[in-house]
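Derivation of every value follows stated rules applied to the coordinates shown; laboratory data play no part. Worth saying up front: this structure is predicted, and the values here are computed from it rather than measured. Note that each Cβ is placed from the backbone with ideal geometry, even for glycine, and that neighbours are counted across all protein chains shown.
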Amino acid sequence: MEERYLGNSGLKVSRLGLGTMTWGRDTDELEAADQLKSFIDAGGNLIDTAAVYGDGDSERVIGGFLGTLVPRDKIILASKAGISFSTGERVVNNSRTSLLADLDKSLARLGTDYLDLWQIHAWDSLVPLEETLSALDIAVSSGRVRYVGLSNFNGWQLARSATLQNPIFGKSVISSIQNEYSLLNRSAEREVLPACAELNVGFLAWSPLGRGVLTGKYRAGTPSDSRGASPHFSDFVSPYLDAQSRSIVEAVCVAGEGLGFSPIEVALAWVRDSKGVASAIIGARTAAQLRGALTVEEITLPHQVREALDEVSQSSLLKE
């Protein structure tokens, strides 16, 4: 699998990353191990998780594979901090104390001394940005983290953060930002991707398959075994089951039929090869689903097809 430098850093990541949001909850350890093996065998190296995924279960599952199923030094291990559901509701806390506590817990669950990439999971309007960013500097200087990034920040938030983290002043450079990006949600093109280009920040695309909707599985309704039917993910998927999204999904399916590609391959190839994207992070419930997505490495979309998909998905630029 092709690897790309992450922003203006020396870190090289596979152009497809493995998302693990469902591991330890909807994806058991056996399936997770099969997924990891398939991903590594395909040449992938970027494994993405977060402290909040499955209340830490995702990290615990990955930790069980390090040194046994895969050597630690053969993967790029990325995690995130700052979000919890300890009160039963989503809480963002980017205080230095909370972030560093999250980091230590992540390392313990993963059974490793360091993360290759540590990301602030979301913007916190209640904590001074300078305090939040100081946690990144401490993490790097202590050796617990190699590179740092952000997630789900908008354009001005990214620009402000990257400006404050100037290496001239001994700060840890913002190497990446991870935001949602797909044919069903192109909002990153408005501010975030232009900011990445100007600031030399790598862009990681989460949910490049439009939360699973671009697979085409929801064309005739919501399958009982899909994320859309899951109590954990139904609200996550439902925004992309509207008429606007359906028209984009149909265009993807028609393009796939004409090219002899699956809808997954078409949608993933569009994101993977979009300007500024370092890696598209794919998550699957089963290893079979993942292997079906990894075949995208064998294809490239014709220029005319990309242009047609760009045009039909223009409305998704307005997604929030």
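Below is a table of values for the structure above.
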{"item": "³J(HN,Hα) computed for each position of the range 300-308 - Karplus, 6.51 cos²θ - 1.76 cosθ + 1.60, integer Hz, glycine/proline x", "result": "9, 6, x, 4, 5, 5, 4, 4, 5"}
{"item": "Gaussian network model of the chain, Cα within-10 Å springs - most flexible of Y147, Y240, Y181", "result": "Y240"}
{"item": "Given charges at beta-carbon only (K, R positive; D, E negative), |dipole| of the chain in Debye", "result": "260"}
{"item": "Exposure proxy ranking, count of Cβ atoms within 10 Å, fewest first, for K217, K80, K12", "result": "K12, K217, K80"}
{"item": "For S182, S142, S38, S9, order by how many other beta-carbon atoms lie within 10 Å, fewest first", "result": "S142, S38, S9, S182"}
{"item": "Long-range tail of P(r) for the range 23-89 (Cα pairs > 18 Å, %)", "result": "36"}
{"item": "Relative contact order of the chain, pairs being alpha-carbon contacts under 8 Å that are 6 or more residues apart, as %", "result": "19"}
{"item": "Under 17 Å from K105, Cα to Cα: aspartates and glutamates that are on another chain or at least 8 residues apart", "result": "D48, D55, D57, E59, D113, D116"}
{"item": "Under 22 Å from K37, Cα to Cα: lysines that are on another chain or at least 8 residues apart", "result": "K12, K74"}
{"item": "Euclidean distance of C-alpha centroids, the range 145-168 and the range 258-285, integer Å", "result": "26"}
{"item": "Residues T27, T97, sorted so that the one with the fewest Cβ neighbours within 10 Å comes first", "result": "T97, T27"}
{"item": "Value of Rg/Rh across the chain [Cα atoms, Kirkwood radius]", "result": "0.94"}
